[in-house]
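Below: one structure, written as structure tokens.
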Amino acid sequence: MKLEEIKVCVMRVGGTNCDSETQRAFQELGVQAETLHVNELIKRRNLLDYQVLVFPGGFSFGDYVRSGVIFARWLSAKLDKEIETFVDEGRPILGICNGFQILVEYGLLPGLEGVSTYPEATLTTNEPQGFKCQWVYLKHENKGKCAFTNKIPAGKVVRMPIAHGEGRLLFPKEKEQEMLAKLNNNDMVVFRYCDKNGNIADGKYPANPNGSFYDIAGICNRDGNIFGLMPHPERAMYWWQQPDWTRQQQMLQYGDGKLIFQSIIDNLTKKC
Amino acid sequence: MNDNLFIHRKTSYALYEVALAKATNQQLVEISNELALGSSLQEMKSIQTYFKKEDRNPTDVELQTISQTWSEHCYHKTFKGRIRLDGKEIDSLFKTYIAKATKEINPPWCFSVFEDNAGIVRFDKGYGIAVKVETHNHPSAVEPFGGAATGVGGVIRDILGVWADPIACTDVLGFGPLDYDYNKLPAGVKHPKYVYMGVTAGISAYGNNMGIPTVNGAIYFDDSYTGNVTVYCGCIGLLPLNKFIKNAKPEHAIVLAGGKTGRDGIHGVTFASAELTEKSEEISRPAVQIADPIEEEKVKRALIEIRDLLLASSTTDLGGGGLSSAVGETAEKFDCGATVELGKVPLKYQGLAPWEVYISESQERMLLTVPPENLERVMAIFEKEDVEATAIGKLTTERRLQLNFHDEKVADMDMTFLFNPCKSMKTATLETLSFTEPTFPEPENLTETLMQLLSAPNIASKESVIRTYDHEVKGNTTLKPLQGEYAGPNDAAVLKPLDDSWKGLAISCGMNPNYGKIDAYWMAASAIDEAVRNNIAVGGRRIALLDNFTWGNPEKPERLGSLVRACQACYDFAKAFRTPFISGKDSLYNESPLGPVTPTLLITAIGIVPNIQFTTSMDLKAPGNLLYVVGETFNELGGSEYYKLKGYLGASVPKVKGAKAKRTFKAVTKAIDLGLIKSCHDLSEGGLAVAAAEMAFAGGYGLELDLGKVPGKALERNDFVLFSESNSRFLVEVSEKDRQEFEALMKGKTCSKIGKVTKDEKLLIHGLNRKIVVDASLAELRRSWKKTLSGEP
């Protein structure tokens, strides 16, 4: 598929607030990206006209109950057919921050046995508690399954900011190890929190900023086409967004966030 | 309720006619109290005269409308009124000082100042920047979370009210000491710790949920804020100037959009202009509104689309006074009258009396005027965003305000009467207080003193709060409030608002309440200097200012006297720096059982960085570089953090030499533009020593400095040189290879090389007699600075 033919749908609803910078990141790389209110999508558009679906960050419907749950239920009531087809065809879906929470609540992630009708995991209140906005280091641990990161070498340490109050990935306690084994066996772990030298955080704050199980920051589904992460790649796109650019003699034009957007675009342009 | 004064009209809901015609003075006061109008006798009498002419009694709706319109909060009686001082009369503080400075500077880049909800300056590519800062002190005292959150929501709507898209928030807060003794708290005053937790949580909840980065601010602790918490909320917006539409005409529909109307926020403005008492909580809890940031986010989306399609003829927010000010001021601005059917206003629940509907301050509501032919499209846009919008009336040619409630006429007043309140006359006196300079010996161990200062609440790291604010959402924050790995305190934030422009926006602030205890004039001068130099430090120039006063009761002559002094300084130094005021706001009557608030002037500065590549951060960059101090140091420690630590106030308050400072600032800007400055940090609370320590531990490199090289007058004590808070000073880092060029540029300015950056992670300072007076590791300095407000036990 040609670069300029790729159409990305950045989906928003009341409370979504990272749509414009996410759209900008895709546009920067030469594809068409459009922010669409879900009302608009239901009434006048067709989700299947798009090759990539993105749920950006924010507080969908205010997140007054568990983050992401209202929008996820709402989507499964009104748009489940289209989403089902989208997933069955292996089209890529990205969830950033609140988007990740939505994918988990919808049952699209981790999706150990395919799309689940109930959430298999949760992204719950940070430990230590409270909203945190800070830059973190992530180790790329995926071995090539995830379509959004397979241009990134395994073991590479990347840097992005987080900004959330509920980002601690948890599985049911009794199934924790079993589920982790499945994640690892199916190459579904994508990013883990680490320090700047790439040492895995091992649950320790602040390298692991939210107490996430197994230091997980991002996972993909079994097929690698659905990817969710808590950090914000769209805020780590350009040199001037980096936290220490004023210290550098020479800056690369782009930050690590670009790798994610570039990976998925490269994968799509390779496909005929 | 006195049945002779209040006559229930034959309606199924509460609607009263008030027997004003024959009321005695005492009864006029009784009426004002009974309806919680907060109107003075003079005002009540002028209302009485008007309705005698109309030959009828007013309804409660009319009286409430008048009192809201004439309130201090809505009309700024003190700033617009007359003041007698020393036998002279000042006709409007606002015109005489604040607006006058702007008028005389008259820069071509000011697009709209003091006119609307926010000031607007030109930016780039046809865009303008709108800025507004508000106070939300009283509500935050009664309900910290809700008060602060709705403060943020309110100022964001001010920005929407000039058709601008909010791109950043700022928040400057004043609290009592967090370790305040519980037993000393009077009834009705909440503990500073509780207020601090609630207010900061409220701010983060609103800004984060709406997706607007909170990029700049300050937290200040002072005893007088214990009873009078001070909450300044600011917002900055971006708008295409050709979409700034203000041309409402008669017959245009009045559209109310956003949240529903309820009883939250009744009499907020009256409450704002009264002193806090033990009973404030009980009486005024309903004056605090309930926040719903997601509603406002949706309203914002719709409003921006309506703006871009040029479908409406004006907009304004509903803030203090609710519909009564929004409708009235819109009609007044466009020289129209208005007719409104209050029965159409969507309610949260039934049972509101018509006057409640009209003055409720329920949040997340905007008012638009829409030409009839565009009404359908406007409604469709609101519907698409799931926002309720209702046409509730229209503008009229006849200059009257006519309100109906389910077809019953409840108000019908002349607009000219409504918008011409009698001018107040207040008396001010200048207090002559004498302050003395303390005498105490220079401490033996100044390293220890520096550590204590770094831990002082006003200097200590605010990271634990700043990280709960999303300062990166929208992805345009290029200089962040916290610098780099060690989270050093940057002097200002820089945004890159436009995708196709490298121009940046520098946002900074200045506030020195402790100086005001000695002299409000020099406090104001210092706040201006600090806001401006913070902006200069990161590479800002072409600076516009906002003034926000938090003062005590202006009916008390000495409080008003210090307000006049501060306003005089605003004029003098805005002129000296050529930095016009573009907007401002005052919050008076900040008094509690613990006494008045210490006079507090917040100055917000908005500058331009021509190319963000030249933005300068405050962290040291490389060992071997040279460190210069720019500006002159005096023994000015009155009101300083150092004296405070020692238990003194002192007398030698820092002054500002305007013309000289302006030249210094220009030279620093030039050096930044030439790329000669590697890092730059302003000297403020804690003086040179604190600034040097911050630069060092933020950059991870040491410093070796020599106090003997610091230029200044009569500098004889190491502690005074280290901790003096003289204004208009910077520390700048310059590389060896740029040394000559930099020194040539600074020729004729006060600037001296005082040391160099070292690889050794230590701050080493030689005293005036070459002996080492400070010797501390960066890790220790950093720990002292971070521990106070870390939130960890």
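The values are calculated or read from the model by the stated rules, or taken from the named source; none is laboratory data. These numbers were taken from a predicted model, which means no experiment stands behind them. Cβ atoms come from the backbone with ideal geometry, glycine included; neighbour counts cover every protein chain shown. What goes into the accessible areas is simple: the full protein's heavy atoms, side chains included, and nothing from ligands, DNA or RNA. Shrake-Rupley method; radii C 1.70, N 1.55, O 1.52, S 1.80 Å.
Modelled with pLDDT of 95 or more, open to solvent by 20 Å² or more (accessible area, probe 1.4 Å) and of a type outside the set (Phe, Trp, Tyr): which single residue out of B:LEU768, B:LEU703 fits that description? Explain how you work it out, then say what you get.
Values: B:LEU703 fails: open to solvent by 20 Å² or more (accessible area, probe 1.4 Å).
From the options B:LEU768, B:LEU703, the qualifying one is B:LEU768.
Can you find, within segment A:124-133, the residue that is surrounded by the most Cβ atoms within 10 Å (Cβ to Cβ) among those that are touching an Asp or Glu at 6+ places or on another chain (Cβ under 9 Å) and in a strand (DSSP E or B)?
A:CYS133
State yes or no: is B:ASN242 more than 14 Å from chain A (Cβ to nearest Cβ) and in a loop (DSSP other than H, G, I, E, B)? So that I can check it myself, show each step before the final result.
Values: more than 14 Å from chain A (Cβ to nearest Cβ): yes; in a loop (DSSP other than H, G, I, E, B): no.
When the stated conditions are applied, B:ASN242 does not pass them.
Taking the stated definitions as given, is B:ASP158 away from chain A (no Cβ under 14 Å) and among the charged types (D, E, K, R)?
Working: away from chain A (no Cβ under 14 Å): yes; among the charged types (D, E, K, R): yes.
Answer is yes for this residue.
Here is a yes/no grid of residues against (1) within 18 Å of A:GLY228 (Cα to Cα); (2) crowded, with 18+ Cβ neighbours inside 10 Å; (3) touching a Phe, Trp or Tyr at 6+ places or on another chain (Cβ under 9 Å):
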position	(1), (2), (3)
A:GLY95	yes, yes, yes
A:GLY107	yes, yes, yes
A:THR122	yes, yes, yes
A:HIS140	yes, yes, yes
A:MET160	yes, yes, yes
A:ALA181	no, no, no
A:MET188	yes, yes, no
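Kindly establish whether B:ALA23 is more than 34 Å from the chain's Cα centre (by Cα), open to solvent by less than 60 Å² (accessible area, probe 1.4 Å) and either closer than 20 Å to B:LEU342 by Cα or not β-branched (Val, Ile, Thr) (or both). Full working, then the answer.
Numbers: more than 34 Å from the chain's Cα centre (by Cα): yes; open to solvent by less than 60 Å² (accessible area, probe 1.4 Å): yes; either closer than 20 Å to B:LEU342 by Cα or not β-branched (Val, Ile, Thr) (or both): yes.
Yes.
Identify the single condition in (1) open to solvent by less than 70 Å² (accessible area, probe 1.4 Å); (2) away from chain A (no Cβ under 14 Å); (3) hydroxyl-bearing (Ser, Thr, Tyr); (4) not in a helix (DSSP H, G or I) that B:SER434 does not satisfy, given that it satisfies every other one.
With (1) open to solvent by less than 70 Å² (accessible area, probe 1.4 Å); (2) away from chain A (no Cβ under 14 Å); (3) hydroxyl-bearing (Ser, Thr, Tyr); (4) not in a helix (DSSP H, G or I) applied to B:SER434, the lone miss is (1).
Select from segment B:504-520 the residues that are under 20 Å from B:CYS235 (Cβ atoms) and open to solvent by 10 Å² or more (accessible area, probe 1.4 Å) and write down the one among them that is farthest from the other protein chains (Cβ to nearest Cβ). Steps first, please.
So in segment B:504-520, the residues under 20 Å from B:CYS235 (Cβ atoms) come out as B:504-511.
From the residues that got through so far, the ones that are open to solvent by 10 Å² or more (accessible area, probe 1.4 Å) too are B:509, B:511.
Values: B:CYS509: 20, B:MET511: 24 Å.
That would be B:MET511.
If the requirement is being in contact (Cβ under 8 Å) with a residue 60 or more places away in the chain, closer than 20 Å to B:LYS100 by Cα, surrounded by fewer than 24 Cβ atoms within 10 Å (Cβ to Cβ) and of a type outside the set (A, V, I, L, M, F, W, C), which of these qualifies: B:ARG565, B:ARG541? Before the answer, list the steps.
Values: B:ARG541 fails: closer than 20 Å to B:LYS100 by Cα.
Being in contact (Cβ under 8 Å) with a residue 60 or more places away in the chain, closer than 20 Å to B:LYS100 by Cα, surrounded by fewer than 24 Cβ atoms within 10 Å (Cβ to Cβ) and of a type outside the set (A, V, I, L, M, F, W, C) holds for just one of B:ARG565, B:ARG541, which is B:ARG565.
For the structure I just gave you, tell me whether B:ALA411 is within 14 Å of chain A (Cβ to nearest Cβ) and more than 31 Å from the chain's Cα centre (by Cα). Walk me through how you get there before you give the answer.
Working: within 14 Å of chain A (Cβ to nearest Cβ): no; more than 31 Å from the chain's Cα centre (by Cα): yes.
Against the criterion (within 14 Å of chain A (Cβ to nearest Cβ) and more than 31 Å from the chain's Cα centre (by Cα)), B:ALA411 does not qualify.
Take the conditions within 26 Å of the chain's Cα centre (by Cα), within 14 Å of chain A (Cβ to nearest Cβ), among the hydrophobic types (A, V, I, L, M, F, W, C) and on the phi < 0 side of the Ramachandran plot and apply them to B:ILE459. Does it pass? Outline the logic, then answer.
Values: within 26 Å of the chain's Cα centre (by Cα): yes; within 14 Å of chain A (Cβ to nearest Cβ): no; among the hydrophobic types (A, V, I, L, M, F, W, C): yes; on the phi < 0 side of the Ramachandran plot: yes.
No; evaluated as a whole, the condition is false for this residue.
Does segment B:130-153 contain any residue that is buried (at least 24 other Cβ atoms within 10 Å of the Cβ), part of a helix (DSSP H, G or I) and within 14 Å of chain A (Cβ to nearest Cβ)?
Yes: one or more hits.
Every residue in segment A:225-257 that is away from chain B (no Cβ under 12 Å) and surrounded by 21 or more Cβ atoms within 10 Å (Cβ to Cβ), please.
A:ASN225, A:ILE226, A:PHE227, A:GLY228, A:LEU229, A:MET230, A:ASP256
For segment A:34-86, give me each residue that is outside any loop (DSSP other than H, G, I, E, B), more than 14 Å from chain B (Cβ to nearest Cβ) and open to solvent by less than 20 Å² (accessible area, probe 1.4 Å). Before you say what the answer is, go through the steps one by one.
Of all residues in segment A:34-86, those outside any loop (DSSP other than H, G, I, E, B) come to A:34-44, A:47-49, A:52-55, A:58, A:60-63, A:69-78, A:80-86.
Now restrict to residues that are more than 14 Å from chain B (Cβ to nearest Cβ): A:34, A:47-49, A:52-55, A:69, A:72-73, A:75-77, A:80-86.
Selection gives A:LEU47, A:VAL52, A:LEU53, A:VAL54, A:PHE55, A:ALA72, A:LEU75, A:ILE83, A:PHE86.
Which helices (runs of 4 or more DSSP H) does segment B:18-94 wholly contain that include 3 or more residues that are of a type in the set (Ser, Thr, Tyr) and within 18 Å of B:PHE419 (Cα to Cα)?
Once the helices (runs of 4 or more DSSP H) in segment B:18-94 are filtered for at least 3 residues that are of a type in the set (Ser, Thr, Tyr) and within 18 Å of B:PHE419 (Cα to Cα), what remains is B:41-54, B:60-69.
For B:PHE382, only one of the following conditions fails: (1) of a type outside the set (D, E, K, R); (2) open to solvent by 50 Å² or more (accessible area, probe 1.4 Å); (3) within 14 Å of chain A (Cβ to nearest Cβ). What is its number?
Just one mismatch for B:PHE382, condition (2).
Filtering segment A:86-116 down to residues that are small (Gly, Ala, Ser) and touching a strand residue (DSSP E or B) at 6+ places or on another chain (Cβ under 8 Å), which residue is farthest from A:GLU21 (Cα to Cα)?
As a first pass, look at segment A:86-116 and keep what is small (Gly, Ala, Ser): A:90, A:95, A:99, A:107, A:111, A:114, A:116.
From what's left, touching a strand residue (DSSP E or B) at 6+ places or on another chain (Cβ under 8 Å): A:95, A:99, A:111.
Values: A:GLY95: 14, A:GLY99: 14, A:GLY111: 28 Å.
Here the answer is A:GLY111.
Mind checking whether some residue in segment B:178-198 is assigned to a loop (DSSP other than H, G, I, E, B), farther than 23 Å from A:PHE59 by Cα, modelled with pLDDT under 95 and among the small types (Gly, Ala, Ser)?
yes
Tell me yes or no: at least one residue of segment B:467-485 is open to solvent by 10 Å² or more (accessible area, probe 1.4 Å), out of contact with any Ser or Thr (no Cβ under 9 Å at 6 or more places or on another chain), more than 9 Å from chain A (Cβ to nearest Cβ) and in a loop (DSSP other than H, G, I, E, B).
no
Say whether the condition of being in contact with a Ser or Thr (Cβ under 9 Å, 6 or more places away or on another chain) and of a type in the set (Ser, Thr, Tyr) is met by at least one residue in segment B:427-448.
No, segment B:427-448 has no match at all.
Just give me the residues in segment B:568-589 being open to solvent by less than 30 Å² (accessible area, probe 1.4 Å), of a type in the set (Gly, Ala, Ser) and more than 26 Å from B:SER617 (Cα to Cα), in sequence order. Give the steps one after another, and end with the answer.
To start, the set of residues in segment B:568-589 that are open to solvent by less than 30 Å² (accessible area, probe 1.4 Å) comprises B:569-570, B:573-574, B:577, B:579-589.
Still in the list and also of a type in the set (Gly, Ala, Ser): B:569, B:574, B:583-584, B:587.
Those that are open to solvent by less than 30 Å² (accessible area, probe 1.4 Å), of a type in the set (Gly, Ala, Ser) and more than 26 Å from B:SER617 (Cα to Cα): B:ALA569, B:SER583, B:GLY584, B:SER587.
Would you mention how many residues in segment B:49-99 are open to solvent by less than 20 Å² (accessible area, probe 1.4 Å) and either acidic (Asp, Glu) or over 30 Å from B:ALA525 (Cα atoms) (or both)?
Total satisfying the criteria: 16.
Between A:MET237, A:MET251, which is closer than 24 Å to A:ASN98 by Cα and either of a type outside the set (Phe, Trp, Tyr) or at pLDDT 95 or above (or both)? Write out each step before concluding.
Numbers: A:MET251 fails: closer than 24 Å to A:ASN98 by Cα.
The match here is A:MET237.
Among the residues of segment B:614-644, what is the count of those that are among the charged types (D, E, K, R), away from chain A (no Cβ under 14 Å) and in a loop (DSSP other than H, G, I, E, B)?
The initial filter retains those residues of segment B:614-644 that are among the charged types (D, E, K, R), namely B:619, B:621, B:632, B:636, B:641, B:644.
Next, only the ones that are away from chain A (no Cβ under 14 Å) stay: B:632, B:636, B:641, B:644.
Add one more test, that the residue is in a loop (DSSP other than H, G, I, E, B), and what stays is B:632, B:636.
Matching residues across segment B:614-644 total 2.
Checking B:ALA605 against (1) closer than 16 Å to B:VAL133 by Cα; (2) not assigned by TED's automatic domain parsing to the domain that holds B:THR230: exactly one of these is not met. Which one?
All conditions pass for B:ALA605, except number (2).
Within segment B:657-684, how many residues turn out to be open to solvent by less than 10 Å² (accessible area, probe 1.4 Å) and either of a type in the set (Asp, Glu) or assigned to a loop (DSSP other than H, G, I, E, B) (or both)?
Adding up the residues that qualify gives 3.
Select from segment B:330-355 the residues that are outside any strand (DSSP E or B) and aliphatic (A, V, I, L, M) and write down the one among them that is surrounded by the fewest Cβ atoms within 10 Å (Cβ to Cβ).
As a first pass, look at segment B:330-355 and keep what is outside any strand (DSSP E or B): B:330-336, B:342-346, B:348-355.
Restricting the remaining residues to those that are aliphatic (A, V, I, L, M) gives B:331, B:342, B:345, B:352-353.
Working: B:ALA331: 27, B:LEU342: 24, B:VAL345: 23, B:LEU352: 21, B:ALA353: 19.
My answer is B:ALA353.
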